[in-house]
1. What pairs from LYS321/LYS347; LYS40/LYS182; LYS208/LYS362 go past 32 Å between their alpha carbons?
2. Measure nothing fancy, just the Cα-based angle from helix 155-165's long axis to the longest principal axis of the chain, in degrees from 0 to 90, nearest 10.
3. Restricted to Cα positions, what overall size does segment 207-266 have along the principal axes? Three whole-Å values, descending.
4. Per residue, how many Å² of accessible area does the chain show with a 1.4 Å probe?
5. Kindly express, to the nearest 10 degrees and within the range 0 to 90, the angle between helix 70-82's C-alpha long axis and the longest C-alpha principal axis of the chain.
6. Cα centroid distance between segment 319-336 and segment 1-76, in Å?
7. Quantify, in whole percent, the carbon and sulfur part of the accessible surface of the chain (1.4 Å probe; protein heavy atoms only).
8. What percent does the relative contact order of the chain come to when contacts are Cα pairs within less than 8 Å and at least six residues apart?
Amino acid sequence: ETAVYRAGLCGASVVLGSATPSVEAYARALSGEYKLWTLKKRAGKAMLPTTQIIDLREEFKKGNRSIFSGELHKKIEERLAKKEQIMLFLNRRGFAGFVSCRACGQVIKCPHCDVTLTYHRNGKLRCHYCGYEETFIKQCPICKSSHVAAFGLGTEKVEAALHAEFPTARVLRMDMDTTRRKHAHEEMLAAFSKGEADILLGTQMIVKGHDYANVTLVGILAADLSLHEQDFRSGEKTFQLLCQAVGRGGRGEKPGEAVIQTYHPDHYSIQAAAVQDYQAFYEEEMSYRMLLDYPPAAHMLAVLGSGPEDEKLVQAMYYLKLYIERIYRENDLHIIGPAYASVGKVKDIYRQVIYLKHKDHKTLVHIKDQLEKYIEINSGFRKIYIQFDFS
């Protein structure tokens, strides 16, 4: 948005380049607001890797308790024997601890919102959109299995498993912990490029545009973690991450393969990412956005309130909602909340949010202007910080 605005001030053009453009940007291109050019093939003679989706529910039924599916384990062994390199991507978006059943893959969701319940250490499952809460019971509501737990997987745990199952492999782990030292990021990538490691294990930072000709296998662990993030863009973020990860393989003359491990092999984001089909993803995603009035089908305004006193914040946000209902009486405005933000407290500052959805951007701007005036003259907001964010 900043680039487009600045370009408008001086009559310049802006080129947005991406293999996985945002849904909003692509919608603007289809509507003619942006001009659209597409590249149909990779540079040089490189071909897209062949991709296999592994259903982790089936692996569980077979008695496989390893982090690696049987197929991924076999392919890692093959690459190590051939002296070819491997990249293992751990998808850690949405790491807040959603609860799922390992037997059937069912994720525990809020009955009032289409989002997962977040596990808290006090044994409660909570929805950060509407505030719904229930006690964590270790039994799946669908298959009645007792194999229900908060899902979490870290790079250190994966690294330990690699050393245990592939003791001769040279492993580079790349995450926030191992790249804190100055230049550590560049040194690790340079070492991998020189062939000083067989396996590069990491989070998002390893899938962003790196190009290694000897990488012929990409393994994606826990592909669905980002699907359960409390964000309407979770499907889009998952598709983008998986596309970028799969695209790291087979960038030289050697053909590449990718293995996506998931509990939701039929999800459209994962299916489309496996074959790098942006068009198929976009059409499916837009149908949901239109059904639920999410951008770009409609405009959205988030009203984020924060303050040191929880009770006063809750009361203030409730008054804001009542005021919105009083100044706008049409039924075409969707109001969600107030509820605690996905991170409800940061450094002893509590956070709540109200979401407003409407087809007309100007209507939301008008409501925002009225809210600012109301906050300014109301003494109940003196110790409360209100922020407006348009989508």
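1. With Cα atoms farther than 32 Å apart: LYS40/LYS182; LYS208/LYS362.
2. Once rounded, one gets 20 degrees.
3. 39, 21, 14
4. 54
5. Approximately 50 degrees, to the nearest ten.
6. 38
7. Using a 1.4 Å probe with all protein chains present, the chain comes out at 51 percent carbon and sulfur.
8. 18
The values are calculated or read from the model by the stated rules, or taken from the named source; none is laboratory data. Keep in mind it's a predicted model, so treat the numbers as computed, not measured. We work out accessible area using only protein heavy atoms, side chains counted, and drop any ligands, DNA or RNA first. Shrake-Rupley method; radii C 1.70, N 1.55, O 1.52, S 1.80 Å.
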